[in-house]
1. Looking at (1) at pLDDT below 75; (2) within 35 Å of the chain's Cα centre (by Cα), which is the one condition that is false for Ser85?
2. Please tell me if Arg69 is among the basic types (Lys, Arg) and modelled with pLDDT of 90 or more.
Amino acid sequence: MRHLVLKLAILTLPLATGGCVKTVTSVVKAPFQAAGQVVDWTTTSQDEADRNYGRKMRKQEAREGRERREYEKQCRKHPEQCQQSPQGQPASRAMTATAPVTDH
């Protein structure tokens, strides 16, 4: 009887330790997986960078469009206050696009 229990214990030992091996493996891999996750969180992929740049440009274009519409609205209400440059832009914006003026 004693030999039978011993044989059963020896035969079931690999089955019982299978869970232990899996646990040990997951414990060993955990620091590397955590480090990989941190790298993923801290870096920006090219796709994310492109998407963020596109979003930034759309917001800037929308803001410029709102400013232009507001300027045109003010020019329709008070045309004497709006000085147009030859390109049809406001004089203040046309001045920034040219070379700086120096005082003599």
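1. (2)
2. yes
Results for (1) without any contact (Cβ under 8 Å) to a residue 12 or more places away in the chain; (2) of a type outside the set (D, E, K, R); (3) open to solvent by 90 Å² or more (accessible area, probe 1.4 Å), shown as yes or no for each residue.
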| position | (1), (2), (3) |
| --- | --- |
| Val27 | yes, yes, yes |
| Gln37 | yes, yes, no |
| Gln46 | yes, yes, yes |
| Arg51 | yes, no, yes |
| Met57 | yes, yes, no |
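The values are calculated or read from the model by the stated rules, or taken from the named source; none is laboratory data. Please read all numbers here as calculations on a predicted model, not as lab measurements. We place every Cβ from the backbone using ideal geometry, glycine too, and count neighbours over all the protein chains shown. Note: areas computed on protein heavy atoms with side chains; ligands, DNA, RNA excluded. Shrake-Rupley method; radii C 1.70, N 1.55, O 1.52, S 1.80 Å.
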